[in-house]
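Novice: Here it is, the structure in full.
Just so it is clear, none of the values below were taken in a lab; they were calculated from the coordinates. Note that the coordinates shown come from a computational prediction; the quantities given were computed from them, not determined experimentally. Here the Cβ positions follow ideal geometry from the backbone for every residue, glycine too, while neighbour counts run over all protein chains shown.
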Amino acid sequence: MATVRLDQKGRALTRAIPASFDKALAKFFGSGPNDIELAKAQHLAYREALLAANVEVTVLPSDDKLPDSIFVEDQAVVIDGHVLLPVPGHPARVAEQPPIAEFVTRQLTGTQVCSMNGEARMDGGDIIRLGDLFFVGRSSRTNDAGIKELRDLLTHLGHELRVVEIPGHALHLTSISSTPTDSVIFAPEGYLPEDAFGVLPEGCEVIWMPKDEAYGCNTIGLPNGQVLVAEGYPTVLATVEAMGLQPVVLDMSQIRAADGSLTCCSLFY
Ligand code: GLY
């Protein structure tokens, strides 16, 4: 999940692959999943990698009526223990939210839960966090009204929000970027202007990756110095190693086929 700092990644919610996963939306970089057993094995390996890094992992049961429901990142935004429940940007994904909302609300007892309303739309996958600086993608899933509601919460919490324009051929901000640490953004050349993230705080930087490694720019940095990376992106892998971090390489082929990336499959809370 992209809205927590490294030190806040102690617990992650995931959701099991449904039998209908081959019907998941795949309109951007995915060609559609075609091997559900392999998808299940990849999802298990993902959860095991989180567990091996001492993350407490919960798996919600699958729901065969909801082909995209493994992508829990989109359904709730958890920031410093506060919860924002967005209206998902694709109508087919709205029904995924109730069990996730119920889970995080129960886990974070006493927390402030805000729900988006009206015209506001947002997928959690459009948010990344660099320390205490936040970025949101204005995308086909996240609109200005949704961004305003996120900004209201972040202002209340004393955090800055910057808006990044997502090109029409990309799904989410997290489809093309991530923060493997609290001071580094990975992003691909050719998708965003060089100044897309603005002037960063001292000690922070954007590391631009080759355009053909856009998918690999989605990583999950963990508090123990490990970084989950997708298999097949050599520059991303070498960069993680050069940063003195330990990459954990995962085969994401079936999840990628559903337009899903590493961060999409977990919600840190
Ligand atoms: N298949 C993931 C999404 O379109 O949201």
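Novice: For Ser115, enumerate residues with amide H under 5 Å from its amide H, sequence gap 5+ or separate chain, H modeled in the peptide plane.
Specialist: Counting only residues 5 or more places away or on other chains, the set is Leu85.
Novice: Would you mind checking Lys27/Lys65; Lys40/Lys148; Lys65/Lys148; Lys27/Lys148 for any pair whose Cα atoms are more than 29 angstrom apart? Please report the intermediate quantities before stating the final value.
Specialist: Working: Lys27/Lys65 19 Å; Lys40/Lys148 37 Å; Lys65/Lys148 31 Å; Lys27/Lys148 27 Å.
Checking Cα-Cα distances, Lys40/Lys148; Lys65/Lys148 exceed 29 Å.
Novice: Something else about it: Could the peptides 121-134, 158-171, 39-52 be put in order, highest first, of the mean number of other beta-carbon atoms found within 10 Å of their residues? Can you show the working numbers first?
Specialist: Numbers: 121-134: 24.4, 158-171: 15.6, 39-52: 17.7.
Listed from highest to lowest mean packing, they are 121-134, 39-52, 158-171.
Novice: Another question, then. Over all alpha-carbon pairs of the range 133-217, lay out the pair-distance distribution in 5 Å bins, whole %, shortest bin first.
Specialist: It works out to 3, 14, 25, 25, 20, 11, 3, 0, in whole percents.
Novice: Also, quick follow-up: With every atom except the alpha carbons ignored, what do you get for Rg and Dmax of the range 6-107, in angstroms?
Specialist: When restricted to Cα atoms, the range 6-107 yields Rg and Dmax of 14.0, 38 Å.
Novice: Most mobile of Met116, Met209, Met243 per a Gaussian network model of the chain (Cα springs, under 10 Å)?
Specialist: Met243
Novice: Could you tell me the distance between the Cα centroids of the range 58-113 and the range 156-216, to the nearest Å?
Specialist: After rounding, the separation between the Cα centres reads 24 Å.
Novice: Mean-square fluctuation check for the chain, GNM, Cα pairs under 10 Å: which of Glu96, Glu231, Glu119 is largest?
Specialist: Taking springs between Cα atoms under 10 Å, the residue moving most is Glu119.
Novice: Taking 7 Å along the Cα-to-C-beta vector as the label spot, tell me the Thr109-Asn224 distance in nanometres, rounded to one decimal.
Specialist: Placing both labels 7 Å beyond Cα along the Cβ direction yields 2.9 nm.
Novice: I'd like the per residue volume of the convex hull spanned by the Cα atoms of the chain, given in cubic angstrom.
Specialist: Working: hull volume 29.8 nm³, N = 269.
For the chain, the hull spanned by Cα atoms encloses 111 Å³ per residue.
Novice: Please turn the phi angles of the range 83-90 into ³J(HN,Hα) values with the Karplus equation 6.51 cos²θ - 1.76 cosθ + 1.60 (θ = phi - 60°), one per residue in order, whole Hz, x for glycine and proline.
Specialist: 10, 10, 9, x, 8, x, x, 10
Novice: Full extension from Ser31 to Ala92: what is 0.36 nm times the residue separation minus their Cα-Cα distance, to one decimal in nm? Walk me through the intermediate numbers first.
Specialist: Working: separation 61, 0.36 × 61 = 21.96 nm, distance 1.81 nm.
Gain in length upon complete extension: 20.1 nm.
Novice: Using +1 on the beta carbon of Lys and Arg, -1 on that of Asp and Glu, and nothing else charged, what's the dipole of the chain about the Cα centre, debye to 20?
Specialist: Charge dipole, the chain, about its Cα centre: 520 debye, nearest 20.
Novice: Let me ask another. How large is Rg over Rh for the range 68-195, taking Rg from the Cα atoms and Rh as the Kirkwood inverse mean of 1/r across Cα pairs? Before the final figure, lay out each step's value.
Specialist: Details: Rg = 14.1 Å, Rh = 14.9 Å.
Taking Rg over the Kirkwood Rh, I get 0.95.
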